[in-house]
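Input: a single structure, listed below in structure tokens.
Just so it is clear, none of the values below were taken in a lab; they were calculated from the coordinates. Everything numeric in this text was worked out from a predicted model, so none of it was measured. Neighbour counts run over all protein chains shown; Cβ positions are idealised from the backbone, glycine included.
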Amino acid sequence: MTIFDDTACLLCTLNRIYMSELFKQHLQKFIAIDEEKFHDVLSFFELKRVKKKENILVEGQVCKFNYFVLHGCMRMFFINEKGVEHTTQFAIENWWITDNMAYEHQLQTEFYIQAVEDTRLLTIHAESQEKLLSRYPEMERYFRYIYQRACAASQRRIKYIYDFSREELYNHFQLVNPQFVQRIPQYLIASYLGFTPEYLSEIRRKKTNLNQFKFFV
């Protein structure tokens, strides 16, 4: 083994320590967990690196894993009968992403999960998650918090789709999710909001022109 190999191994170890620390800090926002218990919890997970535009789940596969984003950005989408992609979810740092129905019942998914950026994930297999929840009731409580928050967010999104005009929907998205606007390509935001990329460009252009007019006035 060369000095370069030693350095690479050291960097890999340090990276795993850093990533595990991120996950521990996230968990501690919801539950109390000591160091020994955390390391046992962590043993149920695997660290996974995903390249930009790489799919980790495709339509027709059995959804076996739940994914926690340590660094990067993922999206879930489906392709309709006309071949058009519709994005249903984004996930950035400290967010989970999976096809919940297919994961819970170990069914074939109708969705794709793809990296928007180079991403690092913690993955857990469905069987491992069941064992984890049986062993640690606090982790069952943690996942209940996560699912409740996800359900509430989904309900609000449905309400906004009915309540808001398209321009209001985009403006609200910008206001609530500024981190997405900075990181996610506009055509994917359009896909998430149910717009064509051209329509979103028109909304952005109108908004820019209005801001310029206000500046001169």
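Summary of computed values
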| read-out | value |
| --- | --- |
| Inter-part distance where the range 182-198 and the range 133-150 are each reduced to a Cα centre, Å | 32 |
| Helix-only mean residue ellipticity at 222 nm for the chain, each DSSP H run of n ≥ 4 adding -39500 (n - 2.57), per residue, nearest 500 | -18000 deg cm²/dmol |
| The chain - Rg and Dmax from Cα coordinates, angstrom | 20.1, 69 |
| Total lysine pairs whose alpha carbons fall under 27 Å of each other in the chain (8 or more apart, or interchain) | 25 |
| Ascending count of other beta-carbon atoms within 10 Å, so fewest first, for THR196, THR123 | THR196, THR123 |
| The range 3-163, relative contact order in percent, only Cα pairs under 8 angstrom and at least six apart counted | 28 |
| Footprinting exposure proxy for ILE158, ILE184, ILE113 (fewest neighbouring C-beta atoms within 10 Å first) | ILE158, ILE184, ILE113 |
| DSSP H segments from the chain that extend 30 Å or more along their own axis, Cα-based, with Kyte-Doolittle mean of 0.0 or above | 3-27 |
